[in-house]
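For reference, the structure discussed in these notes is given below.
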Amino acid sequence: MEFIASVPNLRDIGGHVTADGRKVRTGLAFRSGALDRLAPADHEALLAGGVRLVCDLRTASERTDQPDRLPDGIDYLVLDVQRQGGHGADIAALFEDPALVESMTSPEVSEGFLIEVYRGMVTMPDAHEAYRDLLRALARPGTLMHCTAGKDRTGWGAALLLTLLGVDRRAVMDDYLASNEHLAETAATVYALLDGTGIPREIVSPLLEVRESYLNAAFDTITATYGDLDTYVRQALGLADDDVAALRRLYLH
């Protein structure tokens, strides 16, 4: 997938090597931020990159306020990770709630908020349904998953897929942390808007970044709640052995 300036954090999920030496194929699955700013001039680039299905992990309010702009030839699937409401990983909504912003009194509180978001992505029924359907959708070549920034809900989806394919934790983490580089310009814009507001940058930065502690919280919650990833995938997400086998057949050399 070539670089598309109007789509934040767009990248191929493939290219990694599994613990047993196989390579995850490229050109099959992609991740990004929201496609509401996809310029008409970039429609052809998205199609040429092989995208044929977009899975939108955002809330109803996010989809209403910033609807995806997709070219003909790309199917669209809503997989709302948090249908029951709450801010969760919708950071923009968080900033619009004065009481919740006021509660962010330290960097530790802000980081703790995101840690709880990641735990919820493992334990909440809405998330179970969304990630079950996402992993099934990813068995179709040309699938792109996204949320708003493409870092939290999308980050967990990509981490799940890569882990199921056998990519080791360090490589999965490095892929996840790459969002910080891809979103650096977006973060800089937010920090500029904060100047003169009295809101310290160090309190906001945990909300704009991805951190090892966040992804580790999700994996640790799987261990504490389900025992291991296989049990989580089969019991919480409801995936069958055939579902997992289909992903491995498609993606692994």
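The values are calculated or read from the model by the stated rules, or taken from the named source; none is laboratory data. Here the structure is a predicted model, which is why all the values come from computation and not from measurement. Cβ atoms come from the backbone with ideal geometry, glycine included; neighbour counts cover every protein chain shown. We work out accessible area using only protein heavy atoms, side chains counted, and drop any ligands, DNA or RNA first. Shrake-Rupley method; radii C 1.70, N 1.55, O 1.52, S 1.80 Å.
Summary table
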| read-out | value |
| --- | --- |
| Count - residues of the stretch 137-160 that are more than 21 Å from Ser213 (Cβ to Cβ) and either surrounded by fewer than 19 Cβ atoms within 10 Å (Cβ to Cβ) or among the hydrophobic types (A, V, I, L, M, F, W, C) (or both) | 8 |
| Subset of the stretch 40-55 [open to solvent by 40 Å² or more (accessible area, probe 1.4 Å) and within 20 Å of the chain's Cα centre (by Cα)] | Arg52 |
| Tabulated pairs, the stretch 193-204, first among the small types (Gly, Ala, Ser), second open to solvent by less than 70 Å² (accessible area, probe 1.4 Å) and modelled with pLDDT under 85, C-beta under 6 angstrom, 6+ apart or interchain | none |
| Residue within the stretch 211-231 that is open to solvent by 30 Å² or more (accessible area, probe 1.4 Å), touching a Leu at 6+ places or on another chain (Cβ under 8 Å) and not in a helix (DSSP H, G or I) present | yes |
| Candidate set: the stretch 1-39, residues that are in a loop (DSSP other than H, G, I, E, B) and of a type in the set (Lys, Arg); chosen: the one most open to solvent (accessible area, probe 1.4 Å) | Arg37 |
| The stretch 224-236 residues that are free of Cβ contacts under 8 Å to residues at least 60 places away in the same chain, paired with ones that are open to solvent by 80 Å² or more (accessible area, probe 1.4 Å) and of a type in the set (Gly, Ala, Ser) (beta carbon under 8 Å, 6 or more apart) | none |
| Failed item in (1) modelled with pLDDT of 95 or more; (2) over 14 Å from the mean Cα position of the chain (by Cα); (3) more than 15 Å from Thr59 (Cα to Cα), with Leu144 passing the rest | (2) |
| Test: residue in the stretch 172-181 that is of a type in the set (Val, Ile, Thr), open to solvent by 10 Å² or more (accessible area, probe 1.4 Å), closer than 19 Å to Ala29 by Cβ and in a helix (DSSP H, G or I) | no |
| Residue, nearest to Leu35 (Cα to Cα), within the stretch 66-77, restricted to residues that are loosely packed, with under 14 Cβ neighbours inside 10 Å and without any contact (Cβ under 8 Å) to a residue 24 or more places away in the chain | Tyr76 |
